[in-house]
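Here is the structure we will look at, set down as structure tokens.
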Amino acid sequence: MSASPKLARNAGIAVAGLAAASIVLTACGGGDSSTGTITGEGSTAQQKAMEHFSSVLTDNDGAILDYTGSGSGDGVKKFLASDVNFAGSDSPLKDAEVASAKTRCGGNDAWHLPLVAGPVAIAFNVPGVDKLNLNAPVLAKIFDSKITKWDDAAIKALNPGATLPSSTIIPVHRSDSSGTTDNFTRYLNTAAPTEWPYEHSKEWTGHGGSGAAKSTGVGDTVKKTEGSITYVEWGFATENNLSVAAIDFGAGATELTKETAGKALDAAKFVKPDSKDLVVDTSALYTLKEAGAYPLVLTTYEIVCSTGYADAEVSKNLKASFTTILDKGQEGLDKLGYVPLPEAFKTKLRGTIDAL
């Protein structure tokens, strides 16, 4: 069972902004039996990009994209259970998940395709404060409830001349399993290991603060709560008209823009440079100290079977659709809070997609 291109586009529009909604409800069932449709589930950080990709595929006679934004953890579970063709995840598979994925893929490896890249914004709602400079050690202490007032000396030192209120800081974190949390805590642990001694995780490990589900939840909470601060994908920060902090990564406070995030992404390296499995080396990325670069960039993955789908048409559909997304889907992503992939990055991805 399938839907017409018009219905597919309308369905995508109908769910825009709903992080847990499926973009297109077309397939009669999930898993590997949906000829002409590619099914995916997971990262809400990718949600707006997937809506965009759905329209691009429809406009270019590609497969119908059926994607549900339920969070990276749920997406990986659905992929491993063969309920969907690919998982959208903000972080790579863990070792145990790699083994499970190989079983799911008929003894073949699963590959990570970083098709969507978006900066993580530090969004805040502090009355009377429009501009704010922070760094990794201060962020770590804020989100671990060790800095609790906006006029704390450490914050004032980074913002000379600014008038900061004495109000309480309300840090807001993701309450659900989240790849964004995994990446944000990975950044804190990498850039400020003394202040953030915890291992990175999809589950929140800091102390105190307030939890909210999904990217829409943390964005909405900060919008409604004076004195609050959160980490969230740039698109959700701009959607809620939230102020975004400049971050000092070691070369001076850097504002988040398409250009500064793109400069960081252009310097990104892969864990296995000669492999088709394209996991970004976040340790190198998150310690980048290049003037004018904003390296707190979330590279989100489409996790696929390199081969081994029960229905051979799935690989063909994924290959064709991801090629269209790479060639034509990058245009306009910056308006949604993402970073269009640099040419060298796209070339690397094309080699993996061609091998599906």
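Close amide H contacts of TRP150 (hydrogens built in the peptide plane, cut-off under 5 Å, sequence separation of 5 or more or a different chain): SER167, ILE169.
Across the accessible surface of the stretch 51-137, with the other protein chains kept in place and a 1.4 Å probe, carbon and sulfur atoms take up 46 percent. Here is the list for the stretch 287-354: GluC sites (Glu not before Pro) lying in DSSP coil, each with at most 14 other C-beta atoms within 10 angstrom of its C-beta, are GLU331. Residue-wise HN-Hα couplings along the stretch 224-236, as the Karplus relation 6.51 cos²θ - 1.76 cosθ + 1.60 with θ = phi - 60° gives them from phi, are 8, 10, 5, x, 8, 8, 8, 10, 7, 4, 3, x, 6 Hz; Gly and Pro carry x.
Per residue, the solvent-accessible area of the stretch 72-128 (1.4 Å probe, heavy atoms of protein chains only, all protein chains present) comes to 33 Å².
Of all DSSP-defined beta bridges confined to the chain, some 60% are antiparallel rather than parallel.
Computed from phi, the 3J(HN,Hα) profile of the stretch 294-311 under the Karplus parametrisation 6.51, -1.76, 1.60 (θ = phi - 60°) reads 10, x, 7, 10, 8, 9, 9, 10, 9, 9, 10, 6, 4, 6, x, 5, 4, 9 Hz, with x in place of Gly and Pro. Relative to the longest principal axis of the chain, what angle (0 to 90°, nearest 10) does the C-alpha long axis of helix 5-14 take? The two axes meet at around 20 degrees. The residue among ALA268, THR221, ALA96 whose Cα reaches farthest toward the positive pole of the charge dipole of the chain, with charges on the beta-carbon of Lys, Arg, Asp and Glu, is THR221. Scalar couplings 3J(HN,Hα) for the stretch 134-148, obtained by applying the Karplus form with A = 6.51, B = -1.76, C = 1.60 to θ = phi - 60°, are 9, 9, 4, x, 5, 4, 4, 6, 5, 7, 9, 6, 9, 10, 10 Hz; x denotes Gly and Pro.
Largest mean-square fluctuation among VAL84, VAL304, VAL98, in a Gaussian network model of the chain whose springs join Cα atoms under 10 Å apart, belongs to VAL98. Each Lys and Arg Cβ is given +1 and each Asp and Glu Cβ -1; about its Cα centre, the chain then shows a dipole of about 200 debye. Taking every alpha-carbon pair under 8 Å whose residues sit at least 6 apart, the stretch 234-288 reaches a relative contact order of 22 percent. Note on the chain: with a GNM built from Cα contacts shorter than 10 Å, the maximum mean-square fluctuation among VAL244, VAL218, VAL129 falls on VAL129. Taking the alpha-carbon distance from LYS214 and a cut-off under 18 Å, which lysines remain once sequence neighbours fewer than 8 residues away in the same chain are dropped? Counting by Cα, and skipping residues close in sequence, LYS214 has these lysines nearby: LYS48, LYS77, LYS78, LYS202, LYS223, LYS224.
Against the chain, whose longest principal axis comes from its Cα atoms, helix 343-354 is set at around 30 degrees. Between THR103, THR37, THR68, the GNM of the chain built on Cα springs shorter than 10 angstrom shows THR103 fluctuating the most. Backbone amide hydrogens, once placed in the peptide plane, bring SER243 within less than 5 Å of PHE124, excluding anything fewer than 5 places away on its chain. Projecting the Cα atoms of THR307, LEU326, PRO119 onto the charge dipole of the chain, computed from C-beta unit charges around the Cα centre, puts PRO119 farthest toward the positive end.
Charge dipole of the stretch 100-172 (Cα centre as origin; +1 on each Lys and Arg Cβ, -1 on each Asp and Glu Cβ, all else neutral): 140 debye, rounded to the nearest 20. Remark on VAL297: its backbone amide H falls under 5 Å from those of VAL120, a criterion applied only to residues 5 or more positions apart or on other chains, H modelled at 1.01 Å from N.
Bridging of LYS269 to lysines at a Cα separation below 20 Å is possible for LYS94, LYS258, LYS289, LYS346, LYS348, once same-chain residues fewer than 8 apart are set aside.
The values are calculated or read from the model by the stated rules, or taken from the named source; none is laboratory data. Here the structure is a predicted model, which means the values were calculated and not measured. For neighbour counting, all protein chains shown are included, and Cβ atoms are generated from backbone atoms with ideal geometry for every residue, glycine included. Just so you know, the surface numbers come from the protein's heavy atoms only, side chains and all, with ligands and any DNA or RNA stripped out. Shrake-Rupley method; radii C 1.70, N 1.55, O 1.52, S 1.80 Å.
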